[in-house]
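Inspection log for the structure reproduced underneath, given as structure tokens.
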């Protein structure tokens, strides 16, 4: 693993799915919003495990695609120089963010934490505003008609069943 990718992982998903939830759990300790850990016999625990494993797998897969085929990382300071439409990117435009949301949902379910669930909602809402207003415009500037065609055929958040091919 390259140092640039490791930096991107620590700063981006590390902050979103590790550091902020830890801070939330810490701040909620001793209040009526304190987490209540799910047990192995709880359905919420197993749904959380599946969501978390799916999110980690999706994050790892998409980051690997950016490094291998995009010649960059998920970080804005080292973005891909080549347009990547492989794997989950053929089904949905933002699989990395979906992976992070799945990890947050996992944490909220396993910890039975309403504040972590609210953080997942805030994180999604922020990205739902950020992507159309900023990220997509930057991708259009960088990749031109290729990205515009992709954007017209691949949904932002809800994956299409059959992968899109140019």
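None of the figures in this text is laboratory data; all of them are computed from the coordinates on show. This structure is a prediction, so every number in the text was calculated from the model and none was measured. Don't worry about glycine lacking a Cβ; one is built from the backbone with ideal geometry, like all the others, and counts go over all protein chains shown.
Taking the Cα centre of each part, how many Å lie between region 1-50 and region 93-112? Measuring centre to centre over Cα atoms gives 9 Å.
Nearest 10 degrees, 0 to 90: what angle lies between the long axis of helix 114-130 and the longest principal axis of the chain (Cα atoms)? Relative to the chain, helix 114-130 is tipped by roughly 20 degrees. Of the peptides 26-36, 104-114, the order by per-residue mean of other Cβ atoms within 10 Å, starting with the highest, comes out as 104-114, 26-36.
Cβ-to-Cβ counts within 10 Å put 97, 20 in ascending order as 20, 97, the fewest first.
Were the residues from residue 27 through residue 161 laid out at 0.36 nm apart, the gain over their Cα-Cα distance would be 44.2 nm. For the chain, the convex hull spanned by the alpha carbon atoms encloses 119 Å³ per residue.
What is region 1-79 by shape, rounded, prolate or oblate, if you read a ≥ b ≥ c off the alpha carbon gyration tensor as root eigenvalues and call it rounded for a/c under 1.5, prolate for a/b larger than b/c, and oblate otherwise? Oblate shape, in that a/c is at least 1.5 and b/c is the bigger or equal ratio. Spacing of the modelled spin labels on residue 151 and residue 71, each 7 Å from Cα toward Cβ, amounts to 2.3 nm. Between residue 49 and residue 82, the simple spin-label model (points 7 angstrom out along Cα→Cβ) gives 3.9 nm. When only alpha carbons of region 43-87 are considered, Rg and Dmax amount to 13.6, 43 Å. Relative to the longest principal axis of the chain, what angle (0 to 90°, nearest 10) does the C-alpha long axis of helix 95-111 take? The angle comes out at about 0 degrees.
Its residue count N sets the reference 2.2 N^0.38 Å, and the alpha-carbon radius of gyration of region 33-130 equals 1.22 times that reference. Under conditions of 20 °C and 1.002 mPa s, region 80-141 yields 164 µm² s⁻¹ as its translational diffusion coefficient, taking Rh as the Kirkwood radius over Cα pairs in the Stokes-Einstein equation. Note on region 125-166: the C-alpha convex hull projects to 3.2 nm² when averaged across all orientations. Helical content alone sets the calculated 222 nm signal of the chain at -19000 deg cm²/dmol, taking -39,500 (n - 2.57) per DSSP H segment of four or more residues and averaging over every residue.
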